[in-house]
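This report refers to the structure that appears directly beneath it.
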């Protein structure tokens, strides 16, 4: 990590402003994310046989949200998968990188595949409120960024390019924002995430992965595929994920229970981030039978469901 990049991350930690959407482009290093690189002659088939989405459908420099399930159809990990010319990149929470690398390595066997943690060699950052033409001002190539649907641009570049990047951003007078802006954007877009506290807790349907193009029902088998497909074709999910809010300054833990007034467990917290001084945005996996009930966190903060409409399945 370069001194300039480290300084930018340190400066970022001092930002305390409310995260209102700005009109001008903003820049945020993403130290909460890490990258696993999957390379080798069998990389595509290796991932195709393990993940919920159709890896073979990816074009070079395209990305997809995808999951890795246990044999019981529970999500062990969720991440953005990016195809490059010679390899694939897995972008996921930093807290998940070691456990996922260890678990994926168990499946290599005789496959010609290498899985490496390249976090120290790469810089991850987001640019919000920008157009593709603006990215040319940063001299980013097509394999440096992913334009995502939540008004965010995810950039993954070699660490040795960061000094030049920071100089360009400084000249453009783009503002530095908190990495929490990225988390809020993902939450408000309804994009789930799995952390060590929640691995193996949810099925893909319980966090709407099938509704946000994270599951392919046309590809071949993968661990847990029979259970996921059976629920899709023969059943109706009893739980779904919803956008919610609490008025509190105390961030709840992912995986915490959501309770009804009677003390019964109605669901769990999938993702949470502080939106402002007294507002926290949540993604919650909730029993559909409890959606009309009064709900609160384990700390007794009242939960307001902001959006009950589910995404239309593609």
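One table, with the values for the structure above:
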read-out	value
Boolean, residue 283 is touching a helix residue (DSSP H, G or I) at 6+ places or on another chain (Cβ under 6 Å), outside any strand (DSSP E or B) and within 18 Å of residue 75 (Cα to Cα)	no
Any chance residue 202 is buried (at least 18 other Cβ atoms within 10 Å of the Cβ), part of a loop (DSSP other than H, G, I, E, B), under 18 Å from the mean Cα position of the chain (by Cα) and at pLDDT 95 or above	yes
Spans of strands (runs of 3 or more DSSP E) in region 208-277 with at least 1 residues in contact (Cβ under 8 Å) with a residue 60 or more places away in the chain, outside the structural domain of residue 93 (by TED's automatic domain parsing) and closer than 24 Å to residue 178 by Cα	239-246, 265-276
Residue, farthest from residue 30 (Cα to Cα), within region 98-121, restricted to residues that are in contact with a strand residue (DSSP E or B) (Cβ under 6 Å, 6 or more places away or on another chain) and buried (at least 20 other Cβ atoms within 10 Å of the Cβ)	104
Unmet requirement for residue 163, which otherwise passes all of (1) on the phi < 0 side of the Ramachandran plot; (2) surrounded by fewer than 20 Cβ atoms within 10 Å (Cβ to Cβ); (3) not in a helix (DSSP H, G or I)	(3)
All positions within region 32-42 that are out of contact with any strand residue (DSSP E or B) (no Cβ under 6 Å at 6 or more places or on another chain) and buried (at least 20 other Cβ atoms within 10 Å of the Cβ)	34
Unique residue being free of Cβ contacts under 8 Å to residues at least 12 places away in the same chain and assigned by TED's automatic domain parsing to the domain that holds residue 237 when the list is 289, 300, 285	300
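The values are calculated or read from the model by the stated rules, or taken from the named source; none is laboratory data. Here the structure is a predicted model, which means the values were calculated and not measured. Glycine also receives a Cβ, built like all others from the backbone with ideal geometry; neighbour counts cover every protein chain displayed.
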